Amino acid sequence: MFQRILLPTDGTESMQTVVETAADIATRRDAEVHVLYVVDDRAFLTLQEEMQADVLAELEGEAETATDRAATRLSEAGISVTEAVRKGDPADEILAYADEMDADLITMGTRRGDYTKNLIGSVSQKVVAGSSVPVLTANLNGDGE
C-alpha cells in the first residue's frame with residue numbers, strides 16, 4: 001500500500017507542508033513520488049495568439065522550478081522521484097496522470113475561503129470527487145480553518 005505517491009504542486013512556499021508529508025509517507029513505505037505541475041492553459045487563452053507562446057514559456061519555466069524544488073527535497077531524503085509538467089485543466093490532468101502512473105495515493109494542498117473557488121469548485125475538491133485512490137489534503141492557508 002502507498003508505493004506510488006502523486007504530489008501535485010503549484011510551486012508556492014506553502015506547498016512545503018505537503019512535500020514534507022509526502023516525504024514522510026514515502027520514507028516509511030519505501031515509495032516513489034511523482035511530482036506534477038499542471039500549467040493551467042485556460043489562464044492565457046484570452047491573450048492574443050502572439051502573446052500566448054511567451055506566457056506559456058514563462059509558465060513552463062515556473063513549473064520546472066516548482067517540480068525541481070519539491071524533487072530536490074524528496075531526493076535528499078533518499079526517495080525515488082519523477083518530475084512531470086502537463087498543460088490543461090489542473091484537476092483533469094492530475095486525475096489522468098494518477099491513472100497513468102497507477103498512483104495509490106495523491107497528496108495535495110487545498111486553500112479555503114476564496115469565494116471564486118466556491119463558485120467554480122477547487123482543484124482539490126474535483127480531485128477528491130474524481131479519484132479512485134485516497135487523496136490526502138493539507139490546508140495551505142496556515143490559519144487552521
Subset tally (residues that are under 17 Å from ARG4 (Cα atoms), small (Gly, Ala, Ser) and surrounded by 17 or more Cβ atoms within 10 Å (Cβ to Cβ)) for segment 55-101: 4
Where a residue in segment 77-104 is more than 14 Å from VAL135 (Cα to Cα) and at pLDDT 95 or above and its partner, wherever it lies, is among the aromatic types (Phe, Trp, Tyr) and not in a helix (DSSP H, G or I), with Cβ under 6 Å and at least six apart: VAL85/TYR37
Considering residues of segment 1-14 that are surrounded by fewer than 19 Cβ atoms within 10 Å (Cβ to Cβ) and part of a loop (DSSP other than H, G, I, E, B) only, the residue farthest from the chain's Cα centre (by Cα): MET1
Residue identified as modelled with pLDDT of 95 or more, touching a strand residue (DSSP E or B) at 6+ places or on another chain (Cβ under 6 Å) and either among the polar types (S, T, N, Q) or over 17 Å from VAL135 (Cα atoms) (or both) among LEU74, LEU6: LEU74
Among (1) within 15 Å of the chain's Cα centre (by Cα); (2) modelled with pLDDT of 85 or more; (3) aliphatic (A, V, I, L, M), the one test that LEU140 misses: (2)
Yes/no for ALA22 being under 22 Å from THR137 (Cα atoms) and of a type in the set (A, V, I, L, M): yes
Condition met for TYR97 (assigned to a strand (DSSP E or B), among the hydroxyl-bearing types (Ser, Thr, Tyr) and under 19 Å from ASP10 (Cα atoms)): no
Subset of segment 100-114 [in a strand (DSSP E or B) and either among the small types (Gly, Ala, Ser) or within 22 Å of PHE44 (Cβ to Cβ) (or both)]: GLY109
Selection from segment 15-54 of residues that are crowded, with 20+ Cβ neighbours inside 10 Å, touching a Ser or Thr at 6+ places or on another chain (Cβ under 9 Å) and in a helix (DSSP H, G or I): MET15, VAL18, VAL19, ALA22, ALA26
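The values are calculated or read from the model by the stated rules, or taken from the named source; none is laboratory data. Computed from a predicted structure; not experimentally measured. All Cβ positions, glycine included, derive from the backbone under ideal geometry; neighbour counts span all protein chains shown.
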